[in-house]
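The values are calculated or read from the model by the stated rules, or taken from the named source; none is laboratory data. Remember, it's a predicted structure, so these values are computed and weren't measured experimentally. Cβ placement follows ideal geometry from the backbone for every residue including glycine, while neighbour counts extend to all protein chains displayed. Note: areas computed on protein heavy atoms with side chains; ligands, DNA, RNA excluded. Shrake-Rupley method; radii C 1.70, N 1.55, O 1.52, S 1.80 Å.
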Amino acid sequence: MTSWLYLGIAVLFEIAVAFSAGNAQGFTRLWWTIATLVSGAIATFFLSLALLEFDVGVGYSIWTSVAGVGIVMLGAVFFKERLNAKKLSGIALVIGGVIGLRLSGAA
Amino acid sequence: MTTISNNQASTGRAWIMLLLAGTFEIAYALSVAGSQAFTVLNWSVSAVVFFLLTLYALSVALKTIDVGIGYAVWAGIGAVGSAVFGSMFLDQSLTLAQAFWLAVIIAGVIWLKLASSDKLQADETGLVAP
């Protein structure tokens, strides 16, 4: 169960990576670039802890996909980006897949 | 005419960068796994190098390619690749049920990224993105 916690922390920092990289404008803005690298380092470290338990294909895919869901949710809540049916179905597929993997004993 | 062929050439280069970014991402994922929580030096160095390479290649590619489409392709390559090569090189074979649910997740994230594409949404409404 600890490996899921590590993966969750890695997801939060991966969302921070996407957010900072988006604001770094091709890495021309110093502080956003530093924020991207620092959150990337933290995300990678927690991913590596999770991958001690998870198979790489499973852990990596859950990490990147749940972060993707988080980015869309963040956009909807804070930046008023519309959550249309397509986005919601993508989110449902990711969450369904994660639950399926959990139940099939992936970790 | 020159403008058109220049555009095509730069689009081609951008797609090559995107495929490279996807390949670097697979190498990054495998290195992070191989580093055993950054206790194995070679794999740890390799993880850091590929992290920087993938970030650079992706940022170059996304200057030309639509962000939603670019991320969908990149995430798809990284996820499928790390599962396939992880089972080949790190002896982490998946059960049939796990492979199925993994495919569901990957389909979900690709679909989600495509749904976030400004270009595709604009095409649907008949509006042309500037």
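Helices from chain B with mean Kyte-Doolittle at least 1.0 and a Cα length along the axis of 15 Å or more, per DSSP H: which?
Values: long enough: B:2-34 (47 Å, 0.65); B:41-64 (36 Å, 1.55); B:67-89 (31 Å, 1.49); B:96-115 (28 Å, 1.96).
Helices passing the filter in chain B: B:41-64, B:67-89, B:96-115.
Could you tell me which of B:Val67, B:Val84, B:Ser44 has its Cα farthest along the dipole of the stretch B:2-125 towards the positive end, charges placed at Cβ (Lys, Arg +1; Asp, Glu -1), taken about the Cα centre?
B:Ser44
To the nearest 20 debye, what charge dipole does the protein assembly as shown have about its Cα centre, counting +1 at the Cβ of each Lys and Arg and -1 at the Cβ of each Asp and Glu? All intermediate terms of the calculation are to be shown ahead of the outcome.
On the way: 10 positive and 10 negative charges, 86 e Å.
For this selection, approximately 420 debye.
Accessible area, 1.4 Å probe, largest first: how do B:Tyr28, B:Tyr71 sort?
B:Tyr71, B:Tyr28
Taking the Cβ of B:Leu19 as the center, what net charge do the other residues with Cβ under 12 Å away carry, scoring Lys and Arg +1 and Asp and Glu -1?
0
List the pair-distance distribution P(r) of the protein assembly as shown, using every Cα-Cα distance, as the percent of pairs falling in each 5 Å bin from 0 up to the bin containing the longest distance, rounded to whole percents.
1, 7, 13, 19, 21, 17, 11, 6, 3, 1, 0, 0
Which order do A:Glu14, B:Glu25, A:Glu81 take by accessible area at a 1.4 Å probe, largest first?
Descending accessible area places them as A:Glu81, A:Glu14, B:Glu25.
Using the crude model of +1 on Lys and Arg Cβ and -1 on Asp and Glu Cβ, and no other charge, please compute the dipole size for the stretch A:2-103 relative to its Cα centre, in debye to 20.
420 debye
Highest first, please rank the peptides B:9-22, B:98-111, A:56-69 by the mean number of other Cβ atoms sitting within 10 Å of their residues.
Sorting B:9-22, B:98-111, A:56-69 by mean packing, highest first, produces A:56-69, B:98-111, B:9-22.
Once whole DSSP H runs in chain A are found, which of them have Cα atoms spread over 24 Å or more along the helix axis and a mean Kyte-Doolittle score of at least 1.6?
A:30-50, A:56-78
Find the relative contact order for the stretch A:2-103 and round it to a whole percent, using C-alpha pairs within less than 8 Å whose residues are 6+ positions apart.
29 percent
Across peptide A:36-46, how many C-beta atoms of other chains are within 10 Å of each residue C-beta, on average?
3
Which whole-number percent is the relative contact order of chain B (Cα, under 8 Å, 6+ apart)?
Values: 129 pairs, mean separation 34.1, N = 130.
Value for chain B: 26 percent.
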